[in-house]
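The numbers here are math on the coordinates, done by the rules we state, and not lab data. Note that the structure is a prediction, hence the values are computed from the model and not measured. Note that each Cβ is placed from the backbone with ideal geometry, even for glycine, and that neighbours are counted across all protein chains shown.
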């Protein structure tokens, strides 16, 4: 498949508010380090995790579309979904990069990150997430690199990338195995295993343009850290409401990331079609809608079965019960109904509504886990329950990074060959449609 930059103005009227919000966020980011967490945020010893953690957990879940789409296209040979692969990887790279920026603001002493290289705790989910996310960002960068090589005609660099990116990927997987197991022999076995896979799948780069070992590494790292984020909350059975606390929370986080990632990729393609006046990918989106239907059914079936198996259906009362029903019905049942038939999946309104509700449902689940489902008593035993409201600095940093993702995604689409090249007939159809709209 051939790709091309979008022929459009680099800066439009929408660039002004996005740039203004980005500048405000940069000022808030500087203020956080100039005056400290206590003076610029409403975080406390009782609420050490607030809006920024919600923001990170939501964004990482939505960024799951990168590994899901890459897996569908390159591992399961879903060739018709290739049009979604580069935009998904580009948004994934932007998302994870900005998540790291949020973590820098949220951590008390972020300059101590080097401790990850010298400390090897045996039972730390945060340690595993840190290494997973760091290595996954490098894999995403390698996945996206051919787009840059293609844009500038760097054929020599592309050949070097094709030769050495599998080597780096195998080494990264071996290193990660050692860091998690603390066993050299396990790391050696993993390195040899992935090296064999890389060797056996090396012709894949000629067919798809990307070595399959990169996609395998992306899926592996994503599976690990998406699930481990949920395990962070296993330490809080006395604070998180039983409708959300579960020993299977890590599995639920992984399943929800698949569903929300697919939903975001669909919404991105729909938005690109409208903003850049490109043809509607009806066949592709209908197929992704079917995949989203399956992901939603699996996730919400597991979600409800988990609550029922733990005997917590009786807890569906009051405010927690209302939050749970909004999450499950609005984010699960309604989208499933909207995607239940092929005829509905081929219509724009049901498809857009289903993808949007599915994404919002997972977002609401993360908000419930981190904030709304928490009951955090005061610092003194038996003290009153405290409340938390994000400060202006917290809001500005978070919203500015969303603005930055939107701005740089559009800028990348205009400067780099991220979107599929339109055939002449499709271009004429798009132009005719645009002319008819103006008329």
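What to note about this one:
- Taking 0.36 nm per residue of sequence separation and removing the Cα-Cα distance, the residue 313/residue 159 pair yields an extension gain of 49.7 nm.
- Extension gain for residue 107 to residue 8 (0.36 nm times residue separation, less C-alpha to C-alpha distance): 31.7 nm.
- Over the range 75-121, the alpha carbon radius of gyration divided by the compact-protein estimate 2.2 N^0.38 Å works out to 1.78.
- Length available on full extension from residue 152 to residue 322: 0.36 nm per residue minus the Cα-Cα distance, which gives 55.8 nm.
- Listed residues 265, 275, 83, most fluctuating in the chain (Gaussian network, C-alpha, under 10 Å): 275
- The range 70-146 and the range 311-331 have Cα centres separated by 32 Å.
- Where only DSSP H runs of four or more residues are counted, the chain gives -22000 deg cm²/dmol as its mean residue ellipticity at 222 nm, each run worth -39500 (n - 2.57).
- Each of 414, 9, 347 has some number of other Cβ atoms within 10 Å of its Cβ, and from fewest to most they run 9, 347, 414.
- At q = 0.12, 0.20 Å⁻¹ the log10 of I(q)/I(0) for the range 244-377 amounts to -0.48, -1.09, computed by Debye summation with a single uniform scatterer per C-alpha, solvent ignored.
- Projected onto planes of every orientation and averaged, the convex hull of the alpha-carbon atoms in the chain covers 23.7 nm².
- Pairwise label distance in nanometres, residue 115 with residue 340, each label 7 Å out on the Cα-Cβ vector: 5.2 nm
- With the cut-off at under 18 Å, measuring from each backbone N in the range 286-309 to a point 7 Å along the Cα-to-Cβ line of residue 79 picks out 287-288.
- Residue 20/residue 238 FRET efficiency (R0 45 Å; Cβ-Cβ; nearest 0.05): 0.55
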